[in-house]
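What follows is one structure encoded as structure tokens, with my remarks underneath.
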Amino acid sequence: MLKGNVMDKAKTNDPDRNPDPITKEPGAHPVGTGVGAAAGGAAVAGSAIAVGAAMGTVAGPVGTAVGAAIGAVAGGLIGKGVAESVNPTAERRYWQDNYANRPYVAKGASFNEYAPAYQYGWECSAKHTGKKFDDVEDDIAENWEKSRGQSQLDWDDARPAIRDAWDHVAK
């Protein structure tokens, strides 16, 4: 019995699983869910204010609160769906297996040096679904410094890896 508990715990604590907080299925993207919830809540709250105002001053605050709550749940589900269109676990494994063969990777460089660039690339692609990399590159470049984590790559060195990951998930 102890052996089963230890194995279950190891599976649950594996950071590469990215488990969904509700279903525990691998490949969840909690950032996308949170961003979607925030955006959905903000959008629906604005609509609820208008409806609440039309119903009167008593219904206004209630309408706003209910609308924001419903919007947060709906937005979270939408954000989760968009974010999960890219499986971060599968993408990380793909790049870990293939990064060393890419022409822009410095000889002898570790995967950990390029991992933040790949992750940033696939996340940006999901965030800007339907857009071309070239059309949003300035925004992506501007935010690289905040997103690079422990990577020592500057924009010029990270850009090819970011673009590569973008292209890989945008297919």
What whole-number value in cubic angstrom gives the convex hull volume per residue for the C-alpha atoms of region 107-161? 77 Å³
For residue 166, the net charge from surrounding residues (Cβ-Cβ under 12 Å; K, R +1; D, E -1) works out to -1
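Coordinate-derived values only; no laboratory data. Quick caveat: nothing in here was measured; it's all calculated off a predicted structure. Quick reminder, even Gly has a Cβ in these numbers, built from the backbone with ideal geometry, and neighbours come from all protein chains shown.
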